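The block underneath contains the structure these notes are about, expressed in C-alpha cells.
What follows is calculated from the coordinates using simple rules that are stated; it is not laboratory data. Not measured: the values here are computed from a predicted model. Note that we place each Cβ from the backbone using ideal geometry, even for glycine, and neighbour counts take in every protein chain shown.
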Ligand SMILES: Cc1ncc(COP(=O)(O)O)c(C=O)c1O
C-alpha cells in the first residue's frame, strides 16, 4: 500500500474530507431530505432559455465559445455585467475592472492568493461563509472575529477591535463581509452600518472584500445598495454570481475591483484556469441580453419566499420553544440557535439516520461554537420541507427532555 500521507504538502495534508463530503454521500435506497447546500430550485432552472440560446447560436458565436478566450472574460459578458451592476449603483469599466470567475468561489480563492500573507489580520463575521474561511486559511491568516446580529456585522465591535489593533501598533489588512442576506444567518446589514463599515475602512486603511450572492433574492423590496456602490476610494472588491439567481451549474461568477487589483487577480487566475468556459459565458451574456436574467430573478425569488414561509410555518408548529430564529428577509437559509447544551454536530448524525440533513453551525465559525444549525429551503420540495422539519422537531424535543 502506498504511504499516501508522506506525499502531501503542508497545506494538502489539511484537506481531510470533511463531514459534508462523508456523512452526506448518497446512500443506495435511502432517501435523504437535504436542507444542506444553497442549491437551486430545480423546476425553476432556466433550461428552455439556455437550450434556445445554443440552438440559435451563429457559426461565429460557436467559434468564440469553443476557442480560448481572454482571462478577464468574454467581452460581451463583461459589458452585460457592467450594465447589470450599474443597476445597483456599482460603476465598473468592462475593459479593466471586471473579471469573470468560476463562481464566486474562484474569486474568493484569487483574493486570498493575491492579498493574504501568513499572519495577516483578516476581519470576518462570526459566523460567516465556511468556504471563504477555508479558502483564506490556505494562506494562514490570523482571523479577527466580528459578531453578526440581525442588522449584520456589529460595527461598534468592529470599531473597538480596529482601535485595539492600532493601539498595539499592528494593522488589519482586509475585511470580508456579506452585507445582504449573509450566509449562514441571512442577516441584512442596515444602511447605517454599511456607511460605518466604509468609514472605518477609510480611517484604518483596510481593503473590503464584499461577497454578494444573495442580495438579489430579496423578499421585501429591491436589493440594498452594495458597499461597492458607495465606495469612494477603490478599496472595495466586489464579487457576485449567477449561482443563486440564475444557475449554479453554469459556474459564472465575477469580481470587480480597481484596475490595479484586477491586474494582479487576472495573473493569479491565469495560473488556475487561464479563462472561463466559453459555452457558459456565451449563454450568460445572452441570458442578460435577452432579458432572461431580469425575468428569472423575481420568478425564483417568489418560489423561495413561498418555501421560506412553508419552512417557518412548519418550524413554528414542530420545533421546541427553546430553539430561536429570525425570519429571513431574503436569501436561502434559516439559521437556528439551539440551547447551549445541544451540539448540532451530534444532532446531524441522528438526523441523517432519520433521513434529514442540514449544515451544522460549527462550520461557520473560526472558534468552537456548536449550538447552531443552518437550514436551506431553496432545494427541497414544499412537502419535503414539512416532513424534514417535523423529523428535526421530534429529534430536538427528545434531546431537550
Ligand atoms: C457567501 C457565499 N459566497 C460565495 C459562494 C460561492 O458561490 P459560487 O462559487 O457558486 O458562485 C457561496 C455559495 O454558496 C456563498 O454562500
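Over the stretch 47-293, what lengths in whole Å, largest first, do the semi-axes of the equivalent ellipsoid take, defined as the square roots of 5 times the eigenvalues of the alpha-carbon gyration tensor?
32, 19, 15
Using Cα pairs under 8 angstrom and six or more residues apart, how large is the relative contact order of the stretch 342-401, in percent?
35
Which percent, to the nearest 5, of DSSP beta bridges fully inside the stretch 47-293 are antiparallel?
40
So, in Å, what gap is there between the alpha-carbon centers of the stretch 336-371 and the stretch 210-288?
Going from one Cα centre to the other spans 31 Å.
Where a ≥ b ≥ c are the square roots of the eigenvalues of the C-alpha gyration tensor, would you call the stretch 133-270 rounded, which needs a/c under 1.5, or, failing that, prolate if a/b is larger than b/c, or oblate?
Oblate.
Expressed as a rounded percentage, what relative contact order does the stretch 47-293 have, with Cα pairs under 8 Å and six or more residues apart?
29
Restricting to the stretch 79-198, compute how many DSSP beta bridges are antiparallel as a %, nearest 5.
Expressed as a percentage, antiparallel bridges in the stretch 79-198 total about 25.
Taking the mean number of other Cβ atoms within 10 Å as a proxy for protection, how do you rank 87-100, 205-218, 351-364 from highest to lowest?
Going from most to least packed, we get 205-218, 351-364, 87-100.
In whole percent, what relative contact order does the stretch 176-329 give with Cα contacts below 8 Å and a gap of six or more residues?
22
In whole Å, largest first, what are the principal axis extents of the Cα atoms in the stretch 67-156?
Principal extents (Cα only, largest first): 41, 30, 18 Å.
Once you sort the root eigenvalues of the Cα gyration tensor of the stretch 114-190 as a ≥ b ≥ c, which label holds: rounded (a/c under 1.5), prolate (a/b larger than b/c) or oblate (the other case)?
Verdict is oblate for the stretch 114-190.
Based on the mean of other beta carbon atoms within 10 Å per residue, what is the order of 390-396, 268-274, most packed first?
390-396, 268-274
So how do 266, 74, 237, 1 line up by other beta-carbon neighbours within 10 Å, fewest first?
1, 266, 74, 237
From the Cα gyration tensor of the stretch 1-81, with a ≥ b ≥ c the square roots of its eigenvalues, which class applies: rounded if a/c is under 1.5, or else prolate if a/b is larger than b/c, or else oblate?
Judged from the Cα gyration tensor, the stretch 1-81 comes out oblate (a/c at least 1.5, b/c at or above a/b).
Evaluate the distance, in nm, between pseudo-label points positioned 7 Å from the Cα of residue 4 and of residue 202 along their respective Cα→Cβ axes.
5.2
As a test of the formula, what do you get for the chain when each DSSP H run with n ≥ 4 contributes -39,500 (n - 2.57) and the sum is divided by the residue count, at 222 nm and rounded to the nearest 500 deg cm²/dmol?
Taken over the chain, the calculation gives -12500 deg cm²/dmol.
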